[in-house]
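Asker: Before we start, here is the structure in question, set down as structure tokens.
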Amino acid sequence: MDITDPHCHCCSCEVLSSPEDAFNYLSDGLKQGEWTFGSWNRRQIDESLFVGTSMFDGKDTYIRIDTDPNHFLIYYHLGSDPDNLAARNMIRVVPGEVVQAGSKKCIVTLLAWRSAFMDDLRWKQLCVSHESQMFIIKSRIEAGGAALPGSTPLSR
């Protein structure tokens, strides 16, 4: 029996960081351009709206970030039209104490909901990309949100 969820994809990683530091990094619209394959070379449009270039098709992707710091929730509203964005991606940072991992760790969980217009190949691309992005997220947060030594910033 295949128990793969056709509507939502979820991936997580344990991060050696406070939940506050992880949340602050993941809420930063410019820093998000360092780890998301769908929106490189991130530019800020207004306080919560950003645009970047997809590594897959070279098109612009607009992102509006909506945060709930009390619950460590981040909603990413996405789309090609800045006036018509959908909240299809969400991150929840879970404090380490919640999962008995201690106060110096947290769990970063990325959820993505599938659009009804997304074919199977595009959905698989999104799922695999998000799983790969978790390694980048973990590394960047554990490095204090800074680019790796000797590298150049991926956005700005």
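Asker: What is the dipole size for segment 65-124, taken about its Cα centre, with +1 at each Lys and Arg Cβ and -1 at each Asp and Glu Cβ, in debye to the nearest 20? Write down the numbers at each step before the final one.
Answerer: Numbers: 7 positive and 7 negative charges, 71 e Å.
Rounded to the nearest 20 debye, it is 340 debye.
Asker: Same structure, new question: In bins 10 Å wide, starting from 0, what share of all Cα pairs of the chain does each bin hold, as a percent?
Answerer: Reading upward from the zero bin: 11, 41, 36, 12, 1.
Asker: Which percent of the accessible heavy-atom area of the chain goes to carbon and sulfur, probe 1.4 angstrom? Show your work: numbers first, answer last.
Answerer: On the way: 4750 of 8720 Å².
Carbon and sulfur together cover 54 percent of it.
Asker: What are the ³J(HN,Hα) couplings of segment 23-30, residue after residue, when phi is run through the Karplus curve with 6.51, -1.76, 1.60 and θ = phi - 60°? Round to Hz, x for glycine and proline.
Answerer: 4, 4, 5, 6, 7, 7, x, 6
Asker: May I ask you to derive the relative contact order of the chain, considering only C-alpha pairs under 8 Å and at least 6 residues apart, and to give it as an integer percent? Each step should come with its number before you reach the end.
Answerer: Working: 292 pairs, mean separation 45.1, N = 156.
Relative contact order of the chain: 29 percent.
Asker: While we're on this one: So between Ser12 and Ser132, what do we pick up on full extension, going 0.36 nm a residue minus the alpha carbon distance?
Answerer: Difference between extended and current length: 42.1 nm.
Asker: Along Cα→Cβ, 7 Å out, is where each label goes; now give me the distance between the ones at Leu49 and Ala116 in nm to one decimal.
Answerer: Simple spin-label model gives 2.6 nm for this pair.
Asker: Count the lysine pairs in segment 2-141 whose Cα atoms lie under 21 Å apart, taking only pairs 8 or more positions apart in sequence or on different chains. The partial results should precede the final answer.
Answerer: On the way: Lys31/Lys59; Lys31/Lys105; Lys31/Lys138; Lys59/Lys124; Lys104/Lys138; Lys105/Lys138.
Lysine pairs meeting the criterion: 6.
The values are calculated or read from the model by the stated rules, or taken from the named source; none is laboratory data. Quick caveat: nothing in here was measured; it's all calculated off a predicted structure. Note that each Cβ is placed from the backbone with ideal geometry, even for glycine, and that neighbours are counted across all protein chains shown. These area figures cover heavy atoms from the full protein model, side chains too; ligands, DNA and RNA do not enter into them. Shrake-Rupley method; radii C 1.70, N 1.55, O 1.52, S 1.80 Å.
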